[in-house]
Amino acid sequence: MPSALPDGEPAPEDGSLPASALVGATSRPLAVYLHVPFCRVRCGYCDFNTYTPSELGDVGDTSMASYADQAVAEVRLARRVLGEAAREVRTVFVGGGTPTLLPPADLVAMLGAVRSELGLAPDAEVTTEANPDSVTRDGLARLREAGFTRISFGMQSAVPHVLATLDRTHDPARVPLAVEWARAAGFDEVSLDLIYGTPGESQADWETSLDAALASSPDHVSAYSLIVEPGTALARRVRRGELPVPDDDDLADKYLLADERLVAAGMEWYEVSNWARRPQSRCLHNLLYWRGADWWGVGPGAHSHVGGVRWWNVKHPAAYAARLAAGASPAHGREVLSDEDRHVERVLLELRLREGLPLVALSERERAGVPGVVARGLVLQEGDRLVLTREGRLLADGVVRELLAD
Amino acid sequence: MSLKSAPKPGQTDPSIIRNFCIIAHIDHGKSTLADRMLQLTGVVDERAARAQYLDRMDIERERGITIKSQAVRMPWTVPGGNEQGAEPGTYVLNMIDTPGHVDFTYEVSRSLEACEAAVLLVDAAQGIEAQTLANLYLAMGADLHIIPVLNKIDLPSANPEKYAAELAGLVGCEPEDVLQVSAKTGLGVEALLNEIVKQTPPPEGVADAPARALIFDSVYDTYRGVITYVRVVDGELTHRDRIKMMSTGATHELLELGVISPEQVKADKIGVGEVGYLITGVKDVRQSRVGDTVTTQHHGAEESLGGYKHPNPMVYAGLYPIDGDQFGDLREALEKLQLNDAALTYEPETSGALGFGFRCGFLGLLHMEITRDRLEREFDLDLISTAPNVVYEVQMEDGSEVVVTNPSEYPEGKIAEVREPVVKATILSPSDYIGTIMELCQQKRGSLQGMDYLSEDRVEMRYTLPMGEIVFDFFDQLKSRTKGYASLDYERSGEQAADLVKVDILLQGEPVDAFSAIVHREAAYGYGVMMAAKLKELIPRQQFEVPIQAAIGARVIARENIRAIRKDVLAKCYGGDISRKRKLLEKQKAGKKRMKNIGTVEVPPEAFVAALATSQPSTDKAGKK
């Protein structure tokens, strides 16, 4: 089953936000996330809110064909709820699930709703995730024409036995082909997602995957260590002893190898797990998350954040469809972040960024912990900002705990 | 017979009183037999009979052991023409329950003093166990008449011939004199009651002498204060008396007096040979100590009954709350437990590793374990307890002497001699295991004092052993090497000089007081290697390398290394992850707060709990076949 939603207070039925969330909103950038909760098969490691046709069965209105209309309805709701605070959208990100399981026309219609309801900045970044298996040359061209500017392929690995352990069905050879089509369609920004630390993956396997990814000259690479999420098939296999628990030292070695290879290929890290070829290749949408901007998440289980209020939609596509059909907000629960919560989030998110955490973001007491982490070579002080070193990136959570210790 | 027509307290002729106790091993059926007697005498009816009526505290029930003794007054009419040949008539039987474990030997001996006979109850399928044998010797030493009884004779595995012969040999009677009962079915229990009447000598005392009563138990009750159980030896106590505790001279008003049958029944007075309870309004059992003599304030006795001993702790351990904020709660809990436990001692102490806690003194390991269990269960505390240790006397070369109840107090400087407590241990075992037991005892620095065959295939071995070895892991080793068949009893028996050293455990060069241990020089290396390896497993990797060393003084005898952690970051962090990540961080921060800091090394409390968990005897239950 997909990951659990957080605990929070119930969200109001009309989706309305407390006035505090909307104060000064127009001066903050706004992003939209469009979730596509469908996959052909579920990968054993994945705990995202996504469903295969067999999981959905005949429950309610869950056909992929009507999904785009529901998403469009939520975009309209967003317009209503934001009211005066509605403004041009800086970034749109279509994720999943597998967005490219939907026909390009549906993705275009969803983007169209964002454009017509909220407006899209002229230089907006519009990304879609894509499965190398489910894209076509024509489909990619359609998306580019409709205003998509960036595409992120779920490559994960180039090694067949690693892909098999991850339950990924694509042929590794599809990846360079898909990248080629994207380039031909006019995508200037192509990103590849990689996963390291899959049980059974050797250092040499990981090297193979990195080399294969770089051979396609991506503009951006995300490299995530495999996390065994509770409740996934992978977690069960690990628990039963069928697969070994990922080893932290192995993951550390692979992270360092990735950083070395990607930097050698002319890329630079801008977040712990993300590297970009040029400043404009960075994923602005993700940067907005990490900088605490406003975003509206559309779709089942999607999270949103506006001015210190975070909410999340009902998880199941049928429940989601039913809410919208009844003219109600699909929001299930929400939390109004305290000043302390926002402070904690700021430190833990911004410290992960190459641009670093401004020293002024720390309280005087927290600043007393800075010399310690600097002395241990985990953090560099660059002017008035704190930036993680390579070793520090691998120990980022520990550094955050240390700085926030009370 | 009806309770209404039973002889009244204070008006009962000593000649019809029979005071007895039951000596039995855990699970040999004492409580079942007591229940059966309560039913047969009409004191408790079948419906009201809670199983194992006499064991009051839940914890005892769960462990199947009796810690605090009780006394029940039962009327019993011996019919004419009974097969046992007991004199027909109406009698008053006082059944005095005894604690069954080695740690409570002194309490056992006081309960025995209150009786004239002891029923020696032994499982007909298992034979006598070491603790029962020890208590039997105590009873014989107290001149009690012994009534040997085999229980569970209805079991298919019962071997009454073999064990009757064993008991007869021990008690000095004929095998056919050993009674056979099944407490479970009631078979033979009436006959046993008649035998008790017949065989138990009636109490002797001087009715018109100043009152003297022996305290054989003292229990704190939340509502009533301390309830003191006494056996009147001479004279009488009446509810109008002011009483005096002869060991301290303290006087108290008597608020209530009575007998237990099986609930408290008020009485105006109790006289020679009778067993009853007193309530004076004191709130602390230390003001009403087991073994003391009660007399009246006016015209009281000049001489006590004698035999009073102050209980001295034999085993010490530090108890620390895992959460430092619970220190106050722990203090209160210990205060409350002490109300009902005169043998428990505690002193606040500070550990560099564990923070603020208490060094507690116990009669033995079981006493320690029960206390810790109760603190955790009844008072909802999470505790770390240090490894138990005994008391060492250290003679310094400059002539001064240090008494060490905590390894971290072990003196530096030049030591002339270290003395350690010694116990006399009795081990009963099938003879197949003689070799392995000898080997174990030798490893534990024991010396064999003697060996006797109780029957063809059962042997009693007597050893002197350093008590420090017993509190370490002797009992578990004994059990595992004899597949649970051996049983152990020990009593304190002086002390001896020994070549002992303190082994320190250092994390990053910083000694961790909670892990220091006083061990024999030859065992020091083994302890050091074992602890270092254990800690390497238990302490999570830190941001830096952590060396673990075991050392005697400045000499390192073992070392391990905890490598630095290299990865501590969740790779992925998309929009929907942020709440989860923040909550995880908060959880980790809370976890960090619980950490015990050794220098800059953070050690989770669970690591202390696991590292300090020496194998301790929980009870002798493992001895069941």
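For A:ARG76, the requirement of being farther than 15 Å from A:VAL306 by Cα and surrounded by fewer than 21 Cβ atoms within 10 Å (Cβ to Cβ) is met. Listed by first and then second residue, the pairs linking a residue in the stretch A:372-385 that is assigned by TED's automatic domain parsing to the domain that holds A:VAL360 and at negative phi to a residue that is small (Gly, Ala, Ser) and surrounded by 14 or more Cβ atoms within 10 Å (Cβ to Cβ), with Cβ atoms under 6 Å apart and 6 or more places separating them unless they lie on different chains, are A:LEU378/A:GLY392; A:VAL379/A:GLY392; A:ARG385/A:GLY356.
Suppose we keep only residues that are within 16 Å of B:LEU93 (Cα to Cα) and touching a Ser or Thr at 6+ places or on another chain (Cβ under 8 Å) within the stretch B:116-140. Which one would you say is surrounded by the fewest Cβ atoms within 10 Å (Cβ to Cβ)?
B:ALA117
Look at (1) of a type outside the set (Asp, Glu); (2) closer than 19 Å to A:GLY57 by Cβ; (3) part of a strand (DSSP E or B) and you find that A:LYS315 fails only one, number (3). When each of A:ALA322, A:ALA368, A:ALA326, A:ALA361 is tested for being touching a residue at least 40 places away in the same chain (Cβ under 8 Å) and more than 14 Å from every other protein chain (Cβ to nearest Cβ), the lone residue that passes is A:ALA322.
Here A:LEU404 meets each of (1) within 14 Å of chain B (Cβ to nearest Cβ); (2) surrounded by 20 or more Cβ atoms within 10 Å (Cβ to Cβ); (3) modelled with pLDDT of 95 or more with one exception, condition (3). Among the residues making up the stretch B:347-384, those that are of a type in the set (D, E, K, R), under 22 Å from B:PHE515 (Cβ atoms) and either assigned to a loop (DSSP other than H, G, I, E, B) or without any contact (Cβ under 8 Å) to a residue 24 or more places away in the chain (or both) are B:GLU347, B:GLU376, B:ASP382.
From the residues in the stretch A:362-391 that are surrounded by 16 or more Cβ atoms within 10 Å (Cβ to Cβ) and of a type in the set (Asp, Glu), which one is farthest from A:GLU345 (Cα to Cα)? Among those residues, the one meeting the criterion is A:GLU391. Determine whether the stretch A:91-99 contains at least one residue that is hydroxyl-bearing (Ser, Thr, Tyr), within 17 Å of A:VAL298 (Cα to Cα) and crowded, with 19+ Cβ neighbours inside 10 Å. Within the stretch A:91-99, one or more residues are hydroxyl-bearing (Ser, Thr, Tyr), within 17 Å of A:VAL298 (Cα to Cα) and crowded, with 19+ Cβ neighbours inside 10 Å. Within the stretch B:383-394, can one find any residue that is at pLDDT 90 or above, within 23 Å of B:ASN135 (Cα to Cα) and under 22 Å from the mean Cα position of the chain (by Cα)? Looking for residues that are at pLDDT 90 or above, within 23 Å of B:ASN135 (Cα to Cα) and under 22 Å from the mean Cα position of the chain (by Cα), one finds none in the stretch B:383-394, hence no. Of the residues A:PRO246, A:PRO172, the single one that is within 14 Å of chain B (Cβ to nearest Cβ), out of contact with any Ser or Thr (no Cβ under 6 Å at 6 or more places or on another chain), not in a helix (DSSP H, G or I) and not β-branched (Val, Ile, Thr) is A:PRO246.
Per-residue answers, yes or no, for (1) assigned to a strand (DSSP E or B); (2) touching a Phe, Trp or Tyr at 6+ places or on another chain (Cβ under 7 Å); (3) at pLDDT below 90; (4) buried (at least 16 other Cβ atoms within 10 Å of the Cβ):
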| residue | (1), (2), (3), (4) |
| --- | --- |
| B:PHE472 | no, no, yes, yes |
| B:ASP476 | no, no, yes, no |
| B:LYS479 | no, no, yes, yes |
| B:VAL519 | yes, yes, no, yes |
| B:GLN542 | no, no, no, yes |
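Any residue that is in contact with a Cys (Cβ under 9 Å, 6 or more places away or on another chain), in contact (Cβ under 8 Å) with a residue 40 or more places away in the chain and surrounded by 20 or more Cβ atoms within 10 Å (Cβ to Cβ) - is there at least one of those in the stretch B:228-237? Talk me through it step by step, then tell me what you get.
Initially, the stretch B:228-237 is screened for residues in contact with a Cys (Cβ under 9 Å, 6 or more places away or on another chain), giving B:231.
Checking which are in contact (Cβ under 8 Å) with a residue 40 or more places away in the chain leaves us with B:231.
In the following step, the residues that additionally are surrounded by 20 or more Cβ atoms within 10 Å (Cβ to Cβ) were identified as B:231.
Yes, the stretch B:228-237 has at least one match.
Condition first: without any contact (Cβ under 8 Å) to a residue 12 or more places away in the chain, outside any helix (DSSP H, G or I), surrounded by fewer than 23 Cβ atoms within 10 Å (Cβ to Cβ) and in the same structural domain as A:HIS220 (by TED's automatic domain parsing). Can you find one or more residues in the stretch A:159-167 that meet it? No - not one qualifying residue is present in the stretch A:159-167. Screening the candidates A:GLY297, A:GLY333, A:GLY301 for the property of being within 11 Å of chain B (Cβ to nearest Cβ), outside any strand (DSSP E or B) and either buried (at least 20 other Cβ atoms within 10 Å of the Cβ) or in contact with an Asp or Glu (Cβ under 7 Å, 6 or more places away or on another chain) (or both) yields one hit, A:GLY301.
Looking at A:LEU287, is it away from chain B (no Cβ under 13 Å) and modelled with pLDDT of 95 or more? Answer is no for this residue.
Would you be able to say whether some residue in the stretch A:170-180 is of a type in the set (D, E, K, R), farther than 30 Å from A:GLU242 by Cα and surrounded by fewer than 20 Cβ atoms within 10 Å (Cβ to Cβ)? Full working, then the answer.
Of the stretch A:170-180, the ones of a type in the set (D, E, K, R) are A:171, A:174, A:180.
Filter once more, keeping what is farther than 30 Å from A:GLU242 by Cα: A:180.
Imposing the further condition that a residue be surrounded by fewer than 20 Cβ atoms within 10 Å (Cβ to Cβ) reduces the set to A:180.
Yes, there is a match, as at least one residue in the stretch A:170-180 is of a type in the set (D, E, K, R), farther than 30 Å from A:GLU242 by Cα and surrounded by fewer than 20 Cβ atoms within 10 Å (Cβ to Cβ).
Filtering the stretch B:581-599 to residues that are touching a Phe, Trp or Tyr at 6+ places or on another chain (Cβ under 7 Å) and facing chain A (nearest Cβ under 9 Å) leaves nothing. Of all residue pairs spaced 6 or more apart or on separate chains, those with beta-carbon atoms under 9 Å, a first member in the stretch B:131-143 that is farther than 19 Å from B:ALA114 by Cβ and a second member that is assigned to a helix (DSSP H, G or I) are B:GLN131/B:VAL102; B:GLN131/B:ASP620; B:LEU133/B:LEU170.
Selection of the stretch B:566-580 for residues being charged (D, E, K, R) and within 7 Å of chain A (Cβ to nearest Cβ) yields B:ARG566, B:LYS567, B:ASP568, B:LYS572, B:ARG580.
Within the stretch A:307-314, is there a residue that is of a type in the set (A, V, I, L, M, F, W, C), more than 30 Å from A:LEU386 (Cβ to Cβ), in contact with an Asp or Glu (Cβ under 6 Å, 6 or more places away or on another chain) and crowded, with 24+ Cβ neighbours inside 10 Å? Outline the logic, then answer.
Taking the stretch A:307-314 and keeping what is of a type in the set (A, V, I, L, M, F, W, C), we get A:309, A:311-312, A:314.
Okay, now just the ones that are also more than 30 Å from A:LEU386 (Cβ to Cβ), so A:311-312, A:314.
Cutting the leftovers down to in contact with an Asp or Glu (Cβ under 6 Å, 6 or more places away or on another chain) gives us none.
No, that holds for no residue.
Among the residues of the stretch A:282-310, how many are touching a Gly at 6+ places or on another chain (Cβ under 7 Å) and on the phi > 0 side of the Ramachandran plot? Here the count works out to 0.
Looking across the stretch A:257-270, the residues that are surrounded by fewer than 23 Cβ atoms within 10 Å (Cβ to Cβ) and within 14 Å of chain B (Cβ to nearest Cβ) come down to A:LEU257, A:ASP259, A:TRP269, A:TYR270. Residue-level check: of (1) among the aromatic types (Phe, Trp, Tyr); (2) part of a helix (DSSP H, G or I); (3) farther than 21 Å from B:ALA353 by Cα, B:TYR485 misses just (2). All of (1) part of a helix (DSSP H, G or I); (2) more than 19 Å from B:GLU347 (Cα to Cα) hold for B:LEU428 with one exception: (1). In the stretch B:586-598, the residues that are closer than 23 Å to B:ILE505 by Cα form Cβ pairs under 7 Å with partners that are aromatic (Phe, Trp, Tyr) and not in a strand (DSSP E or B), at six or more places apart or across chains, as follows: B:LYS596/B:PHE608.
In the stretch A:393-401, the condition of being within 14 Å of chain B (Cβ to nearest Cβ), touching a residue at least 40 places away in the same chain (Cβ under 8 Å) and farther than 14 Å from A:GLU271 by Cα is met by at least one residue.
The values are calculated or read from the model by the stated rules, or taken from the named source; none is laboratory data. A quick note: this is a predicted structure, and the numbers were derived from the prediction, not measured. Every residue, glycine as well, gets a Cβ built from its backbone with ideal geometry; the counts of neighbours run over all protein chains shown.
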